[in-house]
Amino acid sequence: LTRYRLAASLHRGDESTLLSLAQMIELKVPYTRGHCERVAEYAGLMVAGLKLEQTQQNWIRQGAWLHDCGKIGVPEAILNYQGPLNSYEFDIVKNHPIWGAAVAQQARFPATVINIIRHHHERWDGTGYPLGLAQKQIPLEARIVAVADTYDALISDRPYRPQMNRNRALGIIESLRGAQLDPFLTDLFLERIKRQ
């Protein structure tokens, strides 16, 4: 019922409604407050360096806002757990891209938005989830949001660790280049974020 209501809200929503909905989902996990907006902002840095049509840029922004919408199906006790998750709990968390993509499909979102939600935890080296896609099998829009999402996770407090400073986070992003993250997009992100 919750997923149906979410899909109905998404289907009739304009951008302000979509952002409000993403922020509402963040209330479930206090440490993520503002995460969806920051991920969209960081994704926008990369998008500005690519020659994408305005419609595609808008969809990437919307997908960045909604990338974690499937977390509405993950129990708060797991999302806010103060330590490493066991394999059962992590398997539940790993369902959130699938659950979120199903909701976005029901709401008839464009493929770009659905791809971001479903594939933002895939890894360049093929060890990510939910499908274990590698390199350019992962849709470009999901690779963009993966870089932005990873960076924001590093510079934000999490239940299992405190936030990192900017320089350390940038160093980790660079170290993930070609393993977790698309090398070209990582370079583009680092070049643009260092100008700020």
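The values are calculated or read from the model by the stated rules, or taken from the named source; none is laboratory data. Predicted model only: the values in this text are computed from it and were never measured. Using ideal geometry, Cβ is built from the backbone for each residue, glycine included, and neighbour counts are taken over all protein chains shown. These area figures cover heavy atoms from the full protein model, side chains too; ligands, DNA and RNA do not enter into them. Shrake-Rupley method; radii C 1.70, N 1.55, O 1.52, S 1.80 Å.
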Do we have any residue at all in segment 47-57 that's β-branched (Val, Ile, Thr), open to solvent by less than 70 Å² (accessible area, probe 1.4 Å) and modelled with pLDDT of 95 or more?
yes
Going through segment 166-193 in order, the residues found to be in contact (Cβ under 8 Å) with a residue 60 or more places away in the chain and crowded, with 18+ Cβ neighbours inside 10 Å are LEU185, LEU188, PHE189, ILE193
Taking the conditions exactly as written (open to solvent by 30 Å² or more (accessible area, probe 1.4 Å) and touching a strand residue (DSSP E or B) at 6+ places or on another chain (Cβ under 8 Å)), does ASP125 satisfy them or not?
no
Looking at GLN196, GLN163, which is the one that is open to solvent by 60 Å² or more (accessible area, probe 1.4 Å), in a loop (DSSP other than H, G, I, E, B) and over 22 Å from ILE60 (Cα atoms)?
GLN163
Hits in segment 91-117 (condition: over 14 Å from the mean Cα position of the chain (by Cα), assigned to a helix (DSSP H, G or I) and not small (Gly, Ala, Ser))
ASP91, ILE92, VAL103, GLN105, GLN106
Please go through (1) in contact (Cβ under 8 Å) with a residue 24 or more places away in the chain; (2) in a helix (DSSP H, G or I) for TYR88 and return the number of the only condition it doesn't satisfy.
(1)
If you scan segment 97-122, which residues turn out to be open to solvent by less than 20 Å² (accessible area, probe 1.4 Å), closer than 22 Å to ALA179 by Cβ and either touching a Phe, Trp or Tyr at 6+ places or on another chain (Cβ under 9 Å) or modelled with pLDDT under 95 (or both)?
PRO97, ILE116, GLU122
Meets criteria (under 27 Å from GLN82 (Cα atoms) and in contact with an Asp or Glu (Cβ under 9 Å, 6 or more places away or on another chain)) for ILE173:
no
Being in contact (Cβ under 8 Å) with a residue 12 or more places away in the chain and loosely packed, with under 15 Cβ neighbours inside 10 Å is the requirement here; does ASP149 meet it?
no
Any pair with Cβ under 8 angstrom, 6 or more apart, that starts in segment 108-133 at a residue that is on the phi > 0 side of the Ramachandran plot and ends at one that is in a loop (DSSP other than H, G, I, E, B) and open to solvent by less than 20 Å² (accessible area, probe 1.4 Å):
GLY132/GLU122
Tally of residues being at pLDDT 90 or above and within 25 Å of ALA104 (Cβ to Cβ) across segment 71-89:
1
